[in-house]
Amino acid sequence: MLIFLNVIDHEIIRNHLEKIYHYYSKDLWYIANDILNDPYEAEDVVQVALIKISDYLDEQSDVRCNKTKGLIVIIVRNLSINIYNQRKRRATINIDELDEVIQDETNVSPELNVLRLDQSRQIAKHLSKINKRYADILTLKYTYEYTDQEIAGILCISEGNVRTRLARAKKALEKVLGGEYYEWA
């Protein structure tokens, strides 16, 4: 089951991956199986995703934080969609939406945490109104602060495709927001 971890040389990363597997494997399997409708392929996707996330973990990574869970969910979902699309070239599928935009857990005042939570809920509400691929790419870019190259690696697409999706995602989000102008970092 966890034999694939033997290919990871760094012991701390290997331990992080083992913890991630134990904490999230059932949820990840359900996400993959919901898309693929194949329990064996879903298990393969979960293991491939764990190997893929190892590139984005470091020794200080907290495996129980929402950021880690959100990232692995996005990776599993995109790997599952890629496999599904390979099987059914032109099929359209619905994917479960993220409950809310993931935020870093920091030690700040309770008032600031409440404001951030409210902002996160508002952002999640608006993101749920646009195409899921666009919401994922905005989340990776602005919540996780990944570069275009890193996003391309996570989503298995070209950097040009990342930039195109980002532009389209920004337009879609601006449309949902009623044309309000936002400064994109």
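May I ask for the net charge around Gln149, where only other residues with Cβ less than 15 Å from the Cβ of Gln149 are counted and Lys, Arg are +1 while Asp, Glu are -1?
Working: positive: Lys52, Lys141, Arg163, Arg165; negative: Asp55, Glu145, Asp148, Glu150, Glu159.
Local charge sum for Gln149: -1.
Here the simple spin-label model places points 7 Å from the Cα toward Cβ, and for Gln86 and Tyr40 these points are separated by 1.5 nm. If R0 is 25 Å, the Cβ-Cβ spacing of Lys125 and Tyr30 corresponds to a FRET efficiency of close to 0.55.
When the C-alpha to C-alpha distance is required to be over 30 Å, the pairs from Lys26/Lys171; Lys26/Lys170; Lys19/Lys129; Lys19/Lys141; Lys52/Lys175 that qualify are Lys26/Lys171; Lys26/Lys170; Lys19/Lys129; Lys52/Lys175. Each residue of region 142-147 was assigned a 3J(HN,Hα) from its phi angle through the Karplus curve 6.51 cos²θ - 1.76 cosθ + 1.60 (θ = phi - 60°); the sequence is 9, 8, 8, 6, 7, 6 Hz, with glycine and proline shown as x. Distance between the modelled labels on Thr164 and Tyr142, one decimal in nanometres: 2.2 nm (7 Å Cα→Cβ projection). For Asp55 and Lys175, the difference between the fully extended length at 0.36 nm per residue and the C-alpha to C-alpha distance is 39.7 nm.
Taken together, the values in this text are just the output of simple stated rules run on the coordinates, not laboratory data. Bear in mind the structure is a predicted one, so any value in this text is a computation, not a measurement. Neighbour counts run over all protein chains shown; Cβ positions are idealised from the backbone, glycine included.
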